[in-house]
Amino acid sequence: MRLEAVELRRIKLDLVAPFETSFGVQTEKDVLLVKVLMEGAEGWGECVAGEKPDYSPEYVDGAQDVLMRHMLPRLLDRDLAAANVAKALAWVHGHHMAKAAIEMAVLDAELRARGESFAHFFGAVRKEVDCGVSVGIQPSISDLLQVVGAFLGQGYRRIKLKIKPGRDVEQVRAVREKFGDVPLQVDANTAYKLADAEHLAQLDPFDLLLIEQPLPEDQVLAHAQLARIVRTPISLDESIESYQNAADAIELGACRIINIKMGRVGGHTVARRIHDLCEVNGVPVWCGGMLEAGIGRAHNVALSTLPNFTLPGDVAASKRYWAEDIVEPEVVVSPRGTIAVPAGAGIGFKPRVDRIEALAVRKELLSE
Ligand code: OSB
Ligand code: MG
């Protein structure tokens, strides 16, 4: 289908509560939405890049710039299939979150045009996906226990605690003591060094599902060395930006589990290739999150229906992030901790165009 026009919109959404990680505190999300028009069909994508380059080198102003200046002009007016977007953009190094946003939108348009749901297109093996929740670093242990208790009460099937040096073993111990053997994992967002291995091994007695990205993203070999000292399975997030990164990390023994984020790896196509690679290597995967608004969230729900997504993802309810989302219906988590996979065409959630227009602080349009 011919790509006739692209609309980029920027909106700001306030988080319902501040989200603290080892790299900072976030109180709002600056969201870049991509809408494509292709022969009468429209499709939506969301760029997950943050406001600052503090999780990855990408940041949202940079993503918008590279889309407008370099990517979109070369895609416009071309006959484009979602399966070819990654190839058409292969000349651009990096900028995976920008690439993913346009590929998401093109695939959504394609599926809407033929009335097919993402789940059907992906060959979904489940009608609902298991939800975990990512819990930010809290001011105190009693705050942490209260927040975790509230999420468990809402049905979430797994808790992930953000950790950093000085806020790790005691936090995990307190949650284990209070909530027993609930599925529990931690995410360090690169905050440790290999020299902290003995300290991280103190997490082993708590039977965590995994420890996510303890070391800096370029220290893949050091993760393999860490894995010889720490018994808890290592899961990589920031280190996995491509199919090749995933293949190398698995071969090296740097991780036993992989967090797949569509934005970080450059879109649905690469995400699915990594999923398949992990599956043949016996490496389970789970769907990470980037505090997405409804459109990115809908894409994550769809991705999570693939067979090797056997661990609960960071794919939580709209209301865990926003007072009001930008899609309808909002994404809801059942009391059993699951999200129902929509059966409608494309992402299966309807963008609330009026609300998006009202929130838009910046808008750029490109057409042939
Ligand atoms: O490391 O998984 C991460 C949010 C922003 C950037 C990085 C990460 C996260 C989360 C939140 O953990 C996951 C979510 O609920 O969207
Ligand atoms: Mg992470």
- Note on the structure: Summing +1 per Lys or Arg and -1 per Asp or Glu among the other residues with Cβ less than 12 Å from A271's Cβ gives +2
- Computed over the stretch 24-71, Kirkwood Rh from alpha-carbon pairs, angstrom: 12.1
- Please report the relative contact order for the stretch 1-154, taking Cα pairs under 8 Å with a sequence separation of at least 6, and give it as a percent rounded to a whole number. 25
- Mean Cα-pair separation over length for the stretch 134-249, i.e. relative contact order, pairs under 8 Å, 6 or more apart, %: 21
- Task: Enumerate the amide H contacts of L15 below 5 Å, restricted to partners 5 or more residues apart or on another chain; note that Pro and chain-start residues carry no placed amide H.
- Result: E28, K29
- Task: Calculate one ³J(HN,Hα) per residue across the stretch 287-298 by plugging θ = phi - 60° into the Karplus curve 6.51 cos²θ - 1.76 cosθ + 1.60, and present them in order as whole Hz with x for glycine and proline.
- Result: 8, x, x, 10, 6, 6, 7, x, 6, x, 4, 4
- Going by average Cβ neighbours within 10 Å, how do the peptides 68-75, 136-143 rank, with the highest at the top? 68-75, 136-143
- Note on the structure: Within the set G346, G123, G132, GNM on the chain using Cα springs under 10 Å gives the largest fluctuation to G123
- Query: What is the set of long-range amide H partners of G313 at a cut-off below 5 Å, with H atoms built 1.01 Å from backbone N?
  - Reply: D130, G132, C287
- Query: Which of these, I250, I258, I211, has the largest mean-square fluctuation under a Gaussian network model of the chain (Cα springs below 10 Å)?
  - Reply: I250
- 3J(HN,Hα) from dihedral phi, the stretch 145-159, Karplus parametrisation 6.51/-1.76/1.60, rounded to Hz, x for glycine, proline: 5, 5, 5, 4, x, 5, 5, 4, x, 7, x, 3, 8, 7, 10
- Item | Considering only the chain, percent of DSSP beta bridges that pair antiparallel, nearest 5 | 65
- Pairs of Cα atoms under 8 Å, at least six residues apart: use those to get the relative contact order of the stretch 119-340, whole percent. 24
- Which length gain, in nm to one decimal place, applies between R2 and E177 when the Cα-Cα distance is subtracted from 0.36 nm times their residue separation? 57.2 nm
- Query: Where does the charge balance sit around G180 when Lys and Arg score +1, Asp and Glu -1, over other residues with C-beta under 15 Å from its C-beta?
  - Reply: +2
- To the nearest 10 degrees, the tilt of helix 243-252 (Cα long axis) against the first principal axis of the alpha carbons of the chain is 20
- How much of the accessible area of the stretch 119-340, in percent, comes from carbon and sulfur atoms when a 1.4 Å probe is used? 51
- Task: Could you tell me the convex hull volume per residue, in Å³, taken over the Cα atoms of the chain?
- Result: 119
- Note on the structure: HN-Hα couplings for the stretch 218-229 via Karplus (6.51, -1.76, 1.60; θ = phi - 60°), in whole Hz with x for Gly/Pro, come out as 8, 9, 5, 4, 4, 5, 5, 5, 4, 5, 7, 9
- Message: Let me check I've understood the local charge: for G289, count other residues with C-beta under 15 angstrom from its C-beta, Lys and Arg +1, Asp and Glu -1. What total comes out?
- Response: +1
- Query: For the chain, what is the accessible area per residue in Å², given a 1.4 Å probe and the full set of protein chains?
  - Reply: 39
- Per residue of the chain, what 222 nm ellipticity follows from adding -39500 (n - 2.57) for every DSSP H run with n ≥ 4, rounded to the nearest 500? -9000 deg cm²/dmol
- Query: Structure shown: which of K261/K363; K29/K162; K29/K193; K99/K160; K99/K261; K12/K87 lie over 20 Å apart, alpha-carbon to alpha-carbon?
  - Reply: K261/K363; K29/K193; K99/K160; K12/K87
- Item | Inter-label distance for E368 and R126, nm, one decimal - labels placed 7 Å from Cα along Cα-to-Cβ | 4.2
- Item | Highest-fluctuation residue, F23, F118, F151 considered, GNM on the chain with Cα pairs under 10 Å | F23
- Task: Please report Rg over Rh for the stretch 27-169, where both radii come from the alpha carbon positions and Rh follows the Kirkwood definition.
- Result: 1.07
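The values are calculated or read from the model by the stated rules, or taken from the named source; none is laboratory data. Remember, predicted model here, so these are calculated numbers, not experimental data. Cβ atoms come from the backbone with ideal geometry, glycine included; neighbour counts cover every protein chain shown. The accessibility values were calculated without ligands, DNA or RNA, using every heavy atom of the protein model including side chains. Shrake-Rupley method; radii C 1.70, N 1.55, O 1.52, S 1.80 Å.
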